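I have placed the structure first, in the form of structure tokens, so that the comments after it can refer back to it.
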Amino acid sequence: MKRMTLMHFLVEQQRADGPVDANLRLLLEIVSRACKAISIAIGKGALAGVLGGAGSENVQGEAQKKLDVISNEILLEANEWGGHLAALASEEMEHPHQIPNRYPRGEYLLVFDPLDGSSNIDVNVSVGTIFSVLRCPEGIAEPDESAFLQPGTRQVCAGYAVYGPATLLILTLGDGVHCFTLDREMGSFILTQSNLSIPADTKEFAINASNARFWEPPVSCYIDELIAGKDGPRGRDFKMRWVASMVADVHRILTRGGVFMYPRDRRDPTKPGKLRLMYEANPMAFIVEQAGGAATDGRRRILELQPEHLHQRVPVFLGSRNEVERVTRYHLEAGA
Ligand code: P6P
């Protein structure tokens, strides 16, 4: 494959009269540069004194890691001045962040999880940044939470960076999924794979099985069948993987197939799942569908859910289409 940088790719996309205009191109170049800075900060680990807790909690009531806060700051500072954004929202901030008056505003809304899976940081396991881009509704000067509450089908683009053995940037603009690998010497993201495709069938499933006693019956039935393997109704054996870092689990599925599940469970009826719709489920669902996979909340297509608040949680079933359709069917057959 001819070496093409992310910038070159975006210029080509802009020429191709697709969704990429100058401001979206600037937005994506800035986000990719912020992900590079996060990758460098993470890569220093204990040498930079950035491991461990920040001594604060985020809006979810979860203890923040120093790198959660650092990553959030990197993305905020990188995106304030460019004139491409109307506002930003993040898992780490209760309310949307307004663009300071000294800078121009643009038409896009950026919503992100600056460092997903950060509980894995201190044990040196892959983590990532997840982002989603929406258009700000017409005529809104100060976008508040309501401006962000759009279904996932309205996403202009979505992507994630995964900070693993290599730092990768995965991006969809609504016309396939593309993978860029960070060339650390050049400091550029290089296109290394285009039009990623998730196999419709798989032998791998990803779920935190320690929550089994809290699952709804359709989930228990589906997982029991996978565990029964060739002696059960599925007639073949399956393997389980669970990194507990959504970006790492989703990237494996994007690369070789699989089904990722974080179901609703009976522990806390106020929390219909752990993962957040706006900056985890929606961007990942957009990417997975663009790669030929499927993504539901057990009953409905994730991208069609109407968000009710910024930090809303949803159950997530995504990945190889035939498996997602099966577990979704089990939910629908079980009724409400
Ligand atoms: P559990 C990370 O905290 C995260 O939000 C996702 O990245 C990951 O898939 C999930 O939570 C892991 O949850 O309950 O297994 O720790």
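Structure values in brief
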read-out	value
Amide proton proximity set for Leu305, modelled H, under 5 Å, gap of 5+	Gly152
Region 302-307 - phi-based ³J(HN,Hα) in whole Hz, Karplus 6.51/-1.76/1.60, Gly and Pro as x	4, 5, 9, 6, 8, x
Per-residue HN-Hα couplings for region 309-317 [Karplus 6.51, -1.76, 1.60; θ = phi - 60°; Hz; x = Gly/Pro]	8, 4, 9, 4, 9, 9, x, 10, 10
Longest to shortest principal axis, alpha-carbon extents of region 194-276, angstrom	40, 34, 18
Inter-probe distance in nm under a simple model that places probes 7 Å from Cα toward Cβ, at Met93 and Met7	2.7
Volume per residue of the C-alpha convex hull in the chain, rounded to whole Å³	139
Nonlocal amide H pairs with Ala54, under 5 Å, H built at 1.01 Å	Gln64, Lys65, Lys66
DSSP bridge orientation in region 77-137 - percent antiparallel, rounded to nearest 5	65
Which of Glu216, Glu94 is most accessible, then next, and so on - probe 1.4 Å	Glu94, Glu216
Set of region 304-336 residues, backbone N closer than 17 Å to the point 7 Å along the Cα-Cβ line of Arg234	317-331
Acute angle (nearest 10 degrees) that the helix 66-80 long axis makes with the longest principal axis of the chain, alpha-carbon atoms	50
Ranking by accessible area, most exposed first, for Lys65, Lys230, Lys274 with a 1.4 Å probe	Lys230, Lys274, Lys65
Rounded to whole Å, sorted largest first: equivalent-ellipsoid semi-axes of region 13-110, Cα gyration tensor	28, 17, 11
Among Met186, Met93, Met278, residue whose mean-square fluctuation peaks in a GNM of the chain (springs only between Cα atoms under 10 Å)	Met186
Loop-resident sites, region 131-191, for trypsin sites (Lys or Arg not before Pro), counting at most 15 other Cβ within 10 Å (DSSP)	Arg184
FRET efficiency, 1/(1 + (r/R0)^6) with R0 45 Å, evaluated for Asn101 and Ile227 via beta carbons	0.20
On Cα atoms only, tilt of 321-334 relative to the major axis of the chain in degrees	60
Surface accessible to a 1.4 Å probe, Arg321 within the full protein complex, Å²	90
Selected from Leu67, Leu47, Leu275 as most flexible by GNM, with the chain as the system and alpha-carbon contacts under 10 Å	Leu47
Ranked order, Trp242, Trp81 - accessible area, probe 1.4 Å, largest first	Trp81, Trp242
Computed Kirkwood radius, in angstrom, where 1/r is averaged over Cα pairs of region 6-193	17.0
Gyration tensor (Cα) of region 86-144, equivalent ellipsoid semi-axes in angstrom	29, 11, 9
Accessible-area composition of the chain, carbon plus sulfur, in percent [1.4 Å probe]	50
Interatomic Cα distance distribution for region 204-334, bins of 10 angstrom, percent	13, 47, 35, 5, 0
Rounded to 5, the percent of DSSP beta bridges in the chain classed as antiparallel	85
Between helix 217-228 and the chain: long-axis angle, C-alpha atoms, 0 to 90°, nearest 10	70
Among beta bridges that DSSP assigns inside region 37-113, antiparallel share in %, nearest 5	45
P(r) of region 113-239 over all Cα-Cα pairs, binned every 10 Å from zero, in whole percent	10, 23, 29, 29, 8, 1, 0
Chain lengthening between Arg299 and Asp144 when straightened (0.36 nm per residue, less Cα-Cα)	52.9 nm
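The values are calculated or read from the model by the stated rules, or taken from the named source; none is laboratory data. All values reported here derive from a predicted model rather than from experimental measurement. FYI the Cβ positions are ideal-geometry reconstructions off the backbone, even for glycines, and counts take in every protein chain you see. Surface accessibility is based on the protein's heavy atoms, side chains included, excluding ligands, DNA and RNA. Shrake-Rupley method; radii C 1.70, N 1.55, O 1.52, S 1.80 Å.
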